[in-house]
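No lab work stands behind these numbers, since they all come straight from the coordinates. The structure presented is a predicted model; accordingly, all values stated were derived computationally and were not measured. In this analysis, Cβ positions are derived from the backbone assuming ideal geometry, glycine residues included, and neighbour counts consider all displayed protein chains.
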């Protein structure tokens, strides 16, 4: 009679290898020297696809997976201790390595799991994010346009009002002339005309204003003469940042130093612009306590790759440097 | 005479306000400044009794933020915020910054001088409502305060998770507010909702 236990034993051995081979994941067990103890079909195939050769040394294979150059067509899409490699057939595999203890001995376990679906989802997410960014940029533009549109509506509203008033002035003038009233009746009518004409003149004289002219006018209103030596960068972003530094310096000069003039010296070096800002007011007593304004300015400048240096002796001086993009610098 | 500082970057609105002030007989123009960024500096150097302050001013300076700073440093100066932006949060922020009054720009002299007189007499004039604008098929007045908060954040293009973190509510809550607003306005995507909101001016993140 056949020993039923023997049969079971034999069946179990082959079925272990068979089911191990049929696992959807790649698996490999090896001793600490990299000598392969057990390897399934999937992992063997992955070794060919990733390294171009058979898996003989588990440690060498792990190094190839984490650091080596993948075989032609394959691409490592995630680095680190859990790398992900995309194969030429479009499938993506995540590799991991663990050290287990079996009967008191360390055994290295390498596992490769199919993350193709996850990777596809990640790719879709990237695309969606790129689209979202475009939309977001458009939204921001809409926001800017809106302010402009509202301002235009405001102007139109005012023009309509002036037009109405002109009509009224005309009517009053005609009545006054027709009824031959004296100077007393004409005086308020004259005043009406004067007002409408000066309002119209104000709007007719409106020219597009640059940031620089806004600053220069503000300085004049504050009783400070603003002197700028050198040329402002043509690049809009850099110009805006530099002038926000000048605004801050202007406020500081007026508030803390009682300055009457502010000097900005601009200099260019390849790929960068530098502005040194000084004033003629009283130098600060001791170190400057950086308030909210300077801190906010420093944050904005640094976020754009620039720097802000402040020295308080012998005079208070702000030095701003900003990188310029290549094309603008070479112009 | 009451000294008035005008902070306004639109030349037309500026010259109109200037005229109102000069013709009033009881107000005197101190200066006109285009950017709110310099208003505090001016007030520290010169006598000013009343400021007419626009919200969106030159050099991207927020009139609301600067008004709050001025009220903190020089509380005796009266400030009237004048704007034509329908962002409903502006009124709230003006109140928080202890701004005395808030006035939606209209080119009518009597109204403006009235608000100025009452403010100088110590009254606080605030509009009851914001100008009504439409977002999709819904009036701006039909939004709840929470919905507006979420809507304002939606304009950044950030994810629900990021918005939830900023507002200190759950991500699920954000999702619910967004879909409820989409249903109410009849706009079928969150992007359409954000674009419609931005266009209407109901919310404004820049100032």
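So the values come out like this:
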{"item": "Rg to Rh, two decimals, where the protein assembly as shown supplies the alpha carbon set and Rh follows Kirkwood", "result": "1.19"}
{"item": "Over chain B, relative contact order from alpha-carbon pairs under 8 Å, at least 6 apart, %", "result": "16"}
{"item": "Fraction of beta bridges assigned by DSSP in the protein assembly as shown that are antiparallel (%, nearest 5)", "result": "65"}
{"item": "C-alpha long axis of helix A:4-22 to longest principal axis of chain A, angle in °", "result": "30"}
{"item": "Calculated FRET efficiency for the pair residue A:133/residue B:23, C-beta based, R₀ 60 Å, to 0.05", "result": "0.70"}
{"item": "For segment B:1-44 and segment A:120-134, distance of Cα centres in Å", "result": "50"}
{"item": "Most mobile of A:170, A:139, A:37 in a GNM of chain A (Cα contacts under 10 Å)", "result": "A:37"}
{"item": "Sites residue A:78 and residue B:125, calculated FRET efficiency, Cβ-Cβ separation with R0 51 Å, nearest 0.05", "result": "0.25"}
{"item": "Full-stretch length increase - residue A:126, residue A:145 - with 0.36 nm per residue and alpha-carbon distance subtracted", "result": "4.0 nm"}
{"item": "Helix axis angle, A:236-252 relative to chain A longest principal axis, alpha carbon, degrees", "result": "60"}
{"item": "Label point at residue A:295 placed 7 Å out along Cα→Cβ; residues across segment B:37-77 whose backbone nitrogen lies under 17 Å", "result": "B:69"}
{"item": "Top of B:148, B:19, B:64 by mean-square fluctuation, Gaussian network on chain B, Cα under 10 Å", "result": "B:19"}
{"item": "Inter-label distance, nm, simple model (7 Å from Cα along the C-beta direction), residue B:45/residue B:2", "result": "2.5"}
{"item": "Separation between Cα centres of segment B:161-189 and segment A:293-326, rounded to whole Å", "result": "39"}
{"item": "Residue among A:154, A:59, A:165 with the largest mean-square fluctuation in a Gaussian network model of chain A, springs linking Cα atoms under 10 Å", "result": "A:59"}
{"item": "Structure-based [θ]222 nm, chain B - -39500 (n - 2.57) summed over DSSP H runs of at least 4, per residue, nearest 500", "result": "-14000 deg cm²/dmol"}
{"item": "Computed over segment A:1-145: relative contact order in percent, which uses C-alpha pairs under 8 Å that are six or more apart", "result": "18"}
{"item": "Residue-averaged [θ]222 nm for chain A, counting only DSSP H segments that reach four residues, each worth -39500 (n - 2.57)", "result": "-17500 deg cm²/dmol"}
{"item": "P(r), alpha carbons of chain B - 5 Å bins starting at zero, rounded %", "result": "1, 7, 15, 17, 17, 13, 10, 8, 6, 3, 1, 0"}
{"item": "In degrees, nearest ten, helix A:211-221 long axis to first principal axis of chain A (Cα)", "result": "50"}
{"item": "Prolate/oblate/rounded label for segment B:26-113 (Cα gyration tensor, a/c 1.5)", "result": "rounded"}
{"item": "Anisotropy class of segment A:24-83 from Cα gyration tensor, a/c 1.5 cut", "result": "prolate"}
{"item": "Percentage relative contact order, chain A, counting C-alpha pairs under 8 Å, at least six apart", "result": "8"}
{"item": "Length released on extending from residue A:57 to residue A:185, taking residue separation times 0.36 nm less the Cα-Cα span", "result": "35.1 nm"}
